[in-house]
Each structure stands twice: as structure tokens, then as C-alpha cells.
Amino acid sequence: MSLRLTYQPWGETLAELAAAGRRAEQAGAEVLWVSELHRSATGTAAALAGTTTTARIGTSIVLAFTRSPMITALEALDLDELSDGRFILGLGSGVRRLNEDWHHVGFGKPVAHLRETVRNIRHFWANCATGEPMMLDGEYEPMRIRGYERPFPVPPAGIPVYLAAMGPLMTRLAGQIGDGWISHELCSPAYLAGQILPDLTAGIDRAGRTRADLDVVVSACCSVADDRALARRRAAGLVGFYATVRTYADFFAFHGLADDQQQVIDAFRAGAGADHLADSVSDRMVDTLTLAGDRAEVAERIAGYAGIADSVKLSPPTHGLPAAETRAAQDEIIALIAELTGAAA
């Protein structure tokens, strides 16, 4: 398969998550991704670094504005060292409410803010071992570092920086300055080709780069089961969670799912919790926006990204599911990765 298969392991404990990552690595997953919400992405990445040897380890994502660029740069250097050079720094802005209300940090104009953040991180990596002042102007992230010299090694080529983006301006920024782009968990081949790639290409062209300079990583909620109804039901909770968010109206409308989204919103307004909306999600929504079905069906849907994505990041469903069901879904995904990569043989 020309697509790189990557995986976001799950676990009730860090030990279980790390063990799942090790199994996915053995199955042939080329990158193991960690998220930041219920756990710290950097802490989880460190756990994976200690239990794996060949797969790269990436954050999908670290919140870009809740740490200073210097702390993010230092944590990335430590994680790269822990993983023997296997680390990928994936950054995302998050949303205004999360930044300002949960973390009490300024959000500003997120595209400009993220541009300065990436600039500072890369500048720090390039100069932190020289002892020279690191002085950068900026509206959001000015840097004034004097009297600092890192006494430890720094990777001469730096560390890859991937950007998560969905809106057009942030997506163009990813094409312009990122080593990779990471999609939202719901990203169909049609949406990737029709809405995302044109903006990535615009950013690539503006920077005088080529498409080969960017790793396009599509994220996909994956649910594999011989019982197709079971596979769909497991994935439906995630779709329902995002369908309640009005800002995704254009996304659902693009897929002809505006009425289906409204059905979920009506259920939410009637009192259904955000993690209990699976019954309001149509099969059409699940089939369009997730990879749900038996092994052959899911393998065919993964292949649908060939030629438009470089990597597929598979993750198990979690919304509204007991741990045992997520665990079973994870086992099926890892088995599928092994089958597709030939590791099962």
C-alpha cells in the first residue's frame, strides 16, 4: 500500500496505551500519534517513546498557545532525545474558548499567532546552542532571550513540525510553513480533494515549495467489526459529538448531510448528552464520514485516500462507548493494520 498507515493508540491507563502503541508498531504502523485533552500530549508521547523502537511518535496535537514557544521547543527536544530522533511536533491552535477560558491564554488571530509560534520554535532550535541572543519581534510571541546556551545536543536538521488545520487560512499556512498537515477526525476523501487540497496547494505555491515537501495526514475514526451494524454504532458517537457544533454546518452541508446534522442538533436540544447521540446519527453520516464496516470494507475505504493523502491516521471510536468496546475496536484496527502491511503473515 502506497499510503503510510499510522495509528493513535488508546488506553485507560498510560501502560495500556503504551502497550497498544507497541502492538501497532509491530503491526506496521509507521507513526504513533497522541492527542491532548484528557492527557498531556507530551507526557503520553514520552510513555510511547519508552516502549517503542521504530515507529515515529507524533503529537496530534499539542496545543500551540498554552505553552510558551520556548517550553514547547524544549519539550520537543527532550522527546526527540527520548525517542532516538523519532519525534514529530504536531501543533494546533485549539478554539478560542478552550484557550481563553480553560487555559487563560490569549488567542488573538490564530493564523498569525501560530505563524509566530512556529517561527520562534524553529529559531530556538537553530540558535539555542550558540549562546547568541535570540531576539524576535512579534504581535503575539516576541522573543527576548539573552544569556542562554543549551549545553546538550540539538538535532542539526531540527524536528518536523506538522500543523492541524481545517479552515482555509490555517490550511494555507500549513501548506506554506509546515512539514505536514493533519486533518480533523472527520475528513472524507471528497472533502480532502475538494476543500483542503486547493488551500494546501495555495500555501505550497506561495512558499515556492512542492507537494512533496508536505506530508498530508488524514485522520479517520475507524470501526472494524464483522457485524456492520456494530461497527457503525461504535463510530456514530463521534459523528454525533461533532454534529452538535454549529461551526461544522458547512462541513456537513458539503456532504449533503445538513438535514442529518439538524436531526442530531434537535436530539441534543431535547436533552441528549454530547456523548449519547449515536441513536440520532444516520447510517449515511457514519458511512460518509468514518471508516466503519468489516475488514474488507474498511480496507477499501482507506484505499480511497490513495493519491490525495500521504498518510492515514487511524483511531478507535471512544465517544459514548464503554472502555471494553473501545478496547475491542482497537484490537480490530491493529489486526487490520497488520493485514494491510503484511505483518500478519
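For this structure, a couple of remarks:
- Full-extension gain in nm, Ala112 to Asp266, via 0.36 nm per residue minus C-alpha separation: 51.8 nm
- With a Förster radius of 41 Å applied to the C-beta separation of Tyr148 and His184, the computed FRET efficiency comes to 0.65.
- Rounded to the nearest 500, the 222 nm mean residue ellipticity of the chain from helices alone is -13000 deg cm²/dmol, with -39,500 (n - 2.57) taken per DSSP H run of at least 4 residues.
- Ala207 versus Glu139: modelled label distance in nm, points set 7 Å from Cα along the beta carbon direction: 2.0 nm
- The range 117-179 pair-distance distribution - Cα-Cα, 10 Å bins, rounded %: 20, 42, 30, 9, 0
- Ranking of Leu37, Leu163, Leu136, Leu340 by count of other Cβ atoms within 10 Å, fewest first: Leu37, Leu136, Leu340, Leu163
- Per DSSP, loop trypsin sites (Lys or Arg not before Pro) in the range 273-305 with at most 10 further Cβ within 10 Å: none
- Proportion of all alpha-carbon pairs of the range 206-336 beyond 22 Å (%): 41 percent
- Cut-off 20 Å, label 7 Å out along Cα→Cβ of Glu297, residues of the range 214-240 by amide N: 220-240
- Efficiency of FRET between Ala253 and Ser2 - r from beta-carbon atoms, R0 41 angstrom, step 0.05: 0.85
- Positive minus negative residues near Gly178 (Lys, Arg vs Asp, Glu; Cβ under 13 Å): +2
- Electrostatic dipole magnitude of the range 1-84 [Cβ: Lys, Arg +1; Asp, Glu -1; Cα centre; debye, to 20]: 220 debye
- Over all Cα atoms in the range 1-43, the spread is summed up by Rg and Dmax: 11.0, 33 Å.
- In Å, descending, principal axis extents of the Cα set of the chain: 62, 44, 37
- Computed label-point distance, nm, for sites Arg39 and Ala126 using a 7 Å Cα→Cβ extension: 3.4 nm
- Look at the dipole of the chain built from charges on Cβ: of Ile159, Val245, Ala126, the Cα furthest out on the positive end belongs to Ala126.
- Within-14-Å neighbourhood charge of Val154 [Cβ basis; K, R +1; D, E -1]: -4
Since every read-out is calculated from the coordinates, none of them should be taken as a lab result. Please read all numbers here as calculations on a predicted model, not as lab measurements. Glycine also receives a Cβ, built like all others from the backbone with ideal geometry; neighbour counts cover every protein chain displayed.
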